[in-house]
Protein chains: 2
Amino acid sequence: MSRICSVARTLDIVGERWSLLVLREIFLGVRRFEPIREATGAPRAVLTDRLRSLVAAGIVGQRDYREPGSRVRQEYRLTDAGRELQPVLTALMQWGDRHLAGPEGPPLELRHAGCGAHVRATLACEHGHLLPDNGSELHAVQRYGDRAT
Amino acid sequence: MSRICSVARTLDIVGERWSLLVLREIFLGVRRFEPIREATGAPRAVLTDRLRSLVAAGIVGQRDYREPGSRVRQEYRLTDAGRELQPVLTALMQWGDRHLAGPEGPPLELRHAGCGAHVRATLACEHGHLLPDNGSELHAVQRYGDRAT
DNA sequence: GCATCTGAGTTCGGAAGTTGAACCTAGTGG
DNA sequence: CCACTAGGTTCAACTTCCGAACTCAGATGC
């Protein structure tokens, strides 16, 4: 009896050690193999593999580029689906900032391009109410999803 | 040169295959070993190990319980830090609902306990502006964090 | 033409993690 | 005192991960 769940399905795609770190770099504008490898620390073989599966999953796309004086190579960009993982990364970062940051404070800050204010991942309902981060005002409704194994 | 990042630090703790699924179950109120194992499908040895590291990380706490006619056993509950991972789970679930759900729609719905409206993980700035999920209005400011390796 | 550089990727053998199945254990009820 | 149960532990096979060394192809210097 294993539960059908969108969390599980999403983790099948981005739930390994390096996938989300790779996405973080691409979000930050790092698009090429070597720089991504340096920033994440992933071994080459693993990075090759992860980029391939992110492309296969439609989260990342490839595009040719040519640095003057070099041959054509590939760079990696987020697709629309990939960009929609931003709230996941933001929520992870926010938790780490709060619970794991050193005394120097968070290494990276996210600001609203429009007004410059600090951006947070929040839970909000469709009537516009803001919920506490700890999920205390949350009510989960199971619609279906216990699967005979 | 590996980047210092709260995403990476958070993933060191909850970034393995089963950790977030275990947390999802505990969020849903499943608190005991056997039911968690059935719902997630994790092998026993792995589940034992994950629960231990979640406890060690201060995300999950243990508490005695005693079912009538049984000896004392342990159940697992979220700590405050653990509950604050709710936005991460919600964001993962939301992405899966949008990109991986079957024709039946999402298996689980989250509602605001107060008003019953659907709850979403969103990006919002401290001035109260709601940002698009795809991070398009986001500006990342690196404060420090390139670490010589 | 030939050697060399570079970014991207492959190959390799050893280390680490994951798996399902079988076994262990301490109370409890019959 | 025997069987049952929830929660682990152990085990051997298997898979994945790792870092280091190697390959590949096109660009450039000589």
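Overall size of the range A:69-149 from C-alpha positions, given as principal axis extents largest first: 58, 43, 28 Å.
Can you list the equivalent-ellipsoid semi-axes of chain A, largest first and in whole Å, using the square root of 5 times each Cα gyration tensor eigenvalue? The partial results should precede the final answer.
Working: eigenvalues 191, 104, 46 Å².
For chain A, the semi-axes come out at 31, 23, 15 Å.
Hey, with R₀ at 45 Å, roughly what FRET efficiency would B:Tyr144 and A:His139 work out to, going by the Cβ-Cβ distance, to 0.05? Show your work: numbers first, answer last.
Working: r = 41 Å, r/R0 = 0.90.
Rounded to the nearest 0.05, the efficiency is 0.65.
Placing a label point 7 Å from Cα along the Cα-to-Cβ direction at B:His139 gives distances to the equivalent points in the other copies of 4.1 nm, listed shortest first.
Please report B:Arg83, A:Arg50 as a ranked list, fewest other C-beta atoms within 10 angstrom at the top and most at the bottom.
Details: B:Arg83 19, A:Arg50 23.
With the fewest neighbours first, B:Arg83, A:Arg50 line up as B:Arg83, A:Arg50.
Sorted fewest first by neighbouring Cβ atoms within 10 angstrom, A:Asp97, B:Asp64 come out as B:Asp64, A:Asp97. Positive-end ranking of B:Gly145, B:Gly105, B:Ala124 along the dipole of the range B:84-149, with charges on Cβ about the Cα centre, is headed by B:Gly145. Counting neighbouring beta carbons within 10 Å and listing from fewest to most, the residues A:Cys5, B:Cys115, B:Cys125 come out as B:Cys115, B:Cys125, A:Cys5. Residue by residue, the range B:79-94 carries 3J(HN,Hα) couplings of 7, 4, 4, x, 4, 6, 7, 3, x, 5, 4, 5, 5, 4, 5, 4 Hz when phi is fed to the Karplus relation 6.51 cos²θ - 1.76 cosθ + 1.60 (θ = phi - 60°); x denotes Gly or Pro.
In this structure the amide hydrogen of A:Val119, modeled in the peptide plane, comes within under 5 Å of the amide hydrogens of A:Leu110, A:Arg111, A:His112, none closer than 5 places in sequence on its chain. Helix A:44-56 and the long axis of chain A differ in direction by around 60°, with both axes built from C-alpha atoms. Here the sum of -39500 (n - 2.57) over DSSP H runs of 4 or more residues, divided by the residues of chain B, equals -11000 deg cm²/dmol at 222 nm, to the nearest 500. Once backbone amide H atoms are built at 1.01 Å from N, A:Leu131 has A:Leu123, A:Ala124, A:Cys125 as its partners under 5 Å, excluding neighbours fewer than 5 places away on the same chain. Taking every Cα-Cα distance in the range B:1-89 and sorting them into 5 Å bins from zero, the calculated P(r) comes out as 3, 13, 25, 24, 17, 9, 5, 3, 1, 1, 0, 0 percent.
Read-outs: derived from the displayed coordinates by stated rules, not from any lab. The structure presented is a predicted model; accordingly, all values stated were derived computationally and were not measured. All Cβ positions, even for glycine, are placed from backbone atoms using ideal geometry, and neighbour counts span all protein chains on display.
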